[in-house]
Amino acid sequence: MAMHFTTLVAVVCATVCGAYSQSIVFDDAPGMGRQFDGIGGLSGGGATSKLLVNYPQEQRDQILDYLFKPNFGASLHILKVEIGGDVQSTDGTEASHMHNSWEENYQRGYEWWLMKEAKKRNPNIKLYGLPWGFPGWIGQGTRSPYVNVSMTADYIVRWINGAKVYHNLTIDYVGIWNERPYDISYIKALRATLDARGFQNTLVIAADEKWEIATDIQADPALAKIVHAIGCHYPGTLSDPDAVSTGKQLWASEDYSTFNDDVGGGCWARILNQNYVNGLMTATISWNLIASYYDNLPFYGDGLMTAVEPWSGNYVVETPIWVSAHTTQFAFIGWNYLKHDSGVGKLPKGGSYVGLVNPTWTELTIVIETMTHNHSLCVRPPLPAYNVEPQVVTVSLAGKFSSITEMNVWYSKLGFDGAKDILFEKKDPIKFVNGKAQLSLGLDEVITLTTMTTGQKGVYPEPPPSQPFPLPYTEDFESYKPPQEPPNLAQQFGVYEVTKLPGPHGNVIRQLSLQAPIVWCGGSGPADAGNKSLNIAGSRNWTDIYVAVDFQLPVINGSLGAFVAARVDEGGCEAFAAHGIFLFAFPDRYIVTNDLARTKTLKEGSLAFEAGEWHRLGLLVQDGNVQGSFDNKILFNMTVPALPVSGFAAIGTDTFGLADFDNLQLTGPSEGRKIMSKHLHSKSLYFEKEHH
């Protein structure tokens, strides 16, 4: 008897299966392997969920269901989030709960909202917080968060306490400093502070880089007692022998980081199995959770799915969502892997399998993958060559599992060379006789055999069609409550929040960083523009654009200058090296440059205004021509032949320090020319000189 599942064929073995088949055995008699700690996604680590919060509620709820709702889509077990530090951490900055030592606010950013939405859908999801960087005051004049370990521990535990007090969220795990040096005295101070404030159940994952903390754990019994699991990033499915010998749980606490096409789906399928098969890793967390940041920012298109158009509501459910479901819908935190060679291992002709069992040993889930090398490449690390061939295997159930006569089947085959994907399809159950059945396995397949009956391929109507960023775009920020981040503006350096001011301007957005943060990436000094704030919007593909905004530089703690910009060609960690056309306004002069760092001045002239005054700054870029205006008077009209071809619109500040912005206007060149034409009637009195 045979059942055809496209390329998958299951054959019942009445007595002994044919000699052409090799057995893979699932047997509880040798005991259990390690406890399964779950599959997760990482929001943040670079403002990667930035655009999601701005979606229309209908589509936003659908997206969240695909990520978190049990038995629906990816059905994730863990949500890891960045503890914002006012620092660029890949695709933008996320706000700290304490910009300065004298203030706290637990409504900033979108991670609180996201954690609550995840918990609403799955009360059992585990929450994990990790800092990428820290506000500058933590370093006390240095670039290290470990100058005063008690103060830094207090800062982190305040975030954990804020989650509980203000949002009723329990943080299950906390890390040290993403992919940066750890400090043992700080880890001990963090544990002591957690315990002293009632967070004994918040477990420490360390150190979120590679396996190097294993040797310190072996040498320091007190540290060993503190660290719950060793978290490694991009392990390539391999763990270090020293880490294994500690006896600690081993996590791929950040992994994947790969474009979410079919090759990315193959990467994810392979590592979800082989992180345990090869490396005994019991949790795997994807960077990132969802690709929800502007096109052409670093690692655009990573994530388990894509949602980059809040203005249209369009989103895409990508292959990794359904690859995740093969494990997440049929195995849960607290289950156990079977032992190697008794339910975990490599297939005879390439590929892998894992068996997972619930705590009462009444449910069994088997996940098999046959990902070929070129169809499962991850962005990192390099993948050594290997071969996978079509093969026939006998699934042999022994011990307590020998009485199973039927298992449910879920099947995926990734389509390459023009073939169509088959993603997470429920097939007819597979029958077992005398505990045996044969499977004919093809290439690039994922098969789940399970006694669980609760799986579902969730579906919603097609989202609205894709649309470009809408122009003209105006924003007065009046519809937002402080301290929300400005919608559709993606801060790259500095941190911006909606702030209510007395007087006619009402709600504005305020840049709040007063000093350089303890950076994770990017520059941090005047030579590399790291002392500036930068907030981008729109599209990296914009060529001709008009950008205008009202601004003021507060009298106390104010930035030295503000700017508008167009054709900004860099974001993320390299944003300090961004080129484009930048119009800076200072109280005594304006400067036009073609880079954020102001290394090359194209033109400058005189201005005269005071701190605390509101003024309007405008910039029109069309082809190789640039016009600038100040308070609706033309400052200059010039030709710049060496502009970047395209880039984002932007606003920002010349130094860290307070600055307020209002009435942002982005429009195409035709409308921009009309606006500038009106400005010509108010002839500029400002002296200008050109630099060559």
Does Val393 count as among the β-branched types (Val, Ile, Thr) and part of a strand (DSSP E or B)?
-> yes
Might you check whether a residue that is at positive phi and either crowded, with 23+ Cβ neighbours inside 10 Å or modelled with pLDDT under 95 (or both) occurs anywhere in the stretch 57-65?
-> no
Unmet criterion (only one of (1) part of a strand (DSSP E or B); (2) within 15 Å of Ser533 (Cβ to Cβ); (3) not hydrophobic (A, V, I, L, M, F, W, C)) for Thr655 = (1)
Search the stretch 481-492 for residues being modelled with pLDDT under 95 and more than 19 Å from His97 (Cβ to Cβ), and hand back the single one that is surrounded by the most Cβ atoms within 10 Å (Cβ to Cβ).
-> Asn488
In the stretch 307-350, anything β-branched (Val, Ile, Thr) and crowded, with 20+ Cβ neighbours inside 10 Å is listed as Val308, Val317, Thr319, Ile321, Val323, Thr327, Thr328, Val344
Filter the stretch 94-129 for residues that are among the hydroxyl-bearing types (Ser, Thr, Tyr) and within 20 Å of Pro487 (Cα to Cα); which is surrounded by the fewest Cβ atoms within 10 Å (Cβ to Cβ)?
-> Tyr106
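Let's see how each residue does on (1) among the polar types (S, T, N, Q); (2) free of Cβ contacts under 8 Å to residues at least 24 places away in the same chain; (3) in contact with a helix residue (DSSP H, G or I) (Cβ under 6 Å, 6 or more places away or on another chain); (4) at negative phi:
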site	(1), (2), (3), (4)
Thr258	yes, no, yes, yes
Gly265	no, no, yes, yes
Ala283	no, no, no, yes
Gly301	no, no, no, no
Asn314	yes, no, no, yes
In this structure, does Tyr146 turn out to be touching a helix residue (DSSP H, G or I) at 6+ places or on another chain (Cβ under 7 Å), more than 19 Å from Leu250 (Cα to Cα), assigned to a loop (DSSP other than H, G, I, E, B) and modelled with pLDDT of 95 or more?
-> yes
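This table checks each residue for (1) under 27 Å from the mean Cα position of the chain (by Cα); (2) farther than 21 Å from Asp660 by Cβ; (3) of a type in the set (A, V, I, L, M, F, W, C).
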{"site": "Pro463", "(1), (2), (3)": "yes, yes, no"}
{"site": "Val498", "(1), (2), (3)": "yes, no, yes"}
{"site": "Pro502", "(1), (2), (3)": "no, no, no"}
{"site": "Gly522", "(1), (2), (3)": "yes, yes, no"}
{"site": "Ser539", "(1), (2), (3)": "yes, yes, no"}
{"site": "Val549", "(1), (2), (3)": "no, no, yes"}
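Residues are listed down the side, and each one gets a yes or a no for (1) in the same structural domain as Val277 (by TED's automatic domain parsing); (2) more than 24 Å from Glu82 (Cβ to Cβ); (3) among the aromatic types (Phe, Trp, Tyr); (4) crowded, with 16+ Cβ neighbours inside 10 Å:
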residue	(1), (2), (3), (4)
Leu190	yes, no, no, yes
Thr193	yes, no, no, yes
Ala196	yes, yes, no, no
Leu203	yes, no, no, yes
Ile213	yes, no, no, yes
Ala229	yes, no, no, yes
Asp240	yes, yes, no, yes
Expected single match for closer than 20 Å to Leu514 by Cα and out of contact with any Gly (no Cβ under 6 Å at 6 or more places or on another chain) among Glu604, Glu574, Glu610, Glu570 is Glu610
Within the bounds of the stretch 607-630, is there any residue that is free of Cβ contacts under 8 Å to residues at least 24 places away in the same chain, out of contact with any Asp or Glu (no Cβ under 9 Å at 6 or more places or on another chain) and either not in a strand (DSSP E or B) or not assigned by TED's automatic domain parsing to the domain that holds Gly668 (or both)?
-> yes
Considering every residue within the stretch 338-357, establish whether at least one is under 24 Å from Gly46 (Cα atoms) and over 16 Å from the mean Cα position of the chain (by Cα).
-> no
Any hit, the stretch 57-75, residues being closer than 25 Å to Leu272 by Cα, of a type in the set (A, V, I, L, M), part of a loop (DSSP other than H, G, I, E, B) and in contact (Cβ under 8 Å) with a residue 40 or more places away in the chain = yes
Identify the single condition in (1) touching a Phe, Trp or Tyr at 6+ places or on another chain (Cβ under 9 Å); (2) closer than 20 Å to Val323 by Cα; (3) in a loop (DSSP other than H, G, I, E, B) that Thr453 does not satisfy, given that it satisfies every other one.
-> (1)
If we keep only residues of the stretch 351-381 that are free of Cβ contacts under 8 Å to residues at least 40 places away in the same chain and either in contact with a strand residue (DSSP E or B) (Cβ under 9 Å, 6 or more places away or on another chain) or of a type outside the set (S, T, N, Q) (or both), then the residue surrounded by the fewest Cβ atoms within 10 Å (Cβ to Cβ) is Pro359
Is there any pair with a first residue in the stretch 164-188 that is closer than 17 Å to Leu42 by Cβ and a second that is modelled with pLDDT of 95 or more and part of a helix (DSSP H, G or I) whose Cβ atoms are under 6 Å apart and which are 6 or more apart or on different chains, and what are they?
-> Leu169/Met115; Leu169/Ala163; Ile171/Ile160; Ile171/Ala163
State whether one or more residues within the stretch 529-545 are within 23 Å of Glu497 (Cβ to Cβ), crowded, with 22+ Cβ neighbours inside 10 Å, in contact with a helix residue (DSSP H, G or I) (Cβ under 7 Å, 6 or more places away or on another chain) and at pLDDT 95 or above.
-> yes
What do you reckon, is Leu666 in contact with a helix residue (DSSP H, G or I) (Cβ under 9 Å, 6 or more places away or on another chain), assigned to a strand (DSSP E or B) and modelled with pLDDT of 95 or more?
-> no
Residue count, the stretch 547-564, condition polar (S, T, N, Q), in a strand (DSSP E or B) and surrounded by fewer than 22 Cβ atoms within 10 Å (Cβ to Cβ), comes to 0
Give Val157, Val147 a once-over and let me know the one that is surrounded by fewer than 19 Cβ atoms within 10 Å (Cβ to Cβ), aliphatic (A, V, I, L, M) and assigned by TED's automatic domain parsing to the domain that holds Ile176.
-> Val147
Can you pull out the residues in the stretch 420-434 that are surrounded by 12 or more Cβ atoms within 10 Å (Cβ to Cβ) and either aromatic (Phe, Trp, Tyr) or outside any strand (DSSP E or B) (or both)?
-> Asp421, Phe424, Phe432, Asn434
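The values are calculated or read from the model by the stated rules, or taken from the named source; none is laboratory data. No experiment lies behind these values; they were computed from the predicted model shown. No Cβ is skipped: glycine too gets one built from the backbone with ideal geometry, and neighbour counts run over all protein chains shown.
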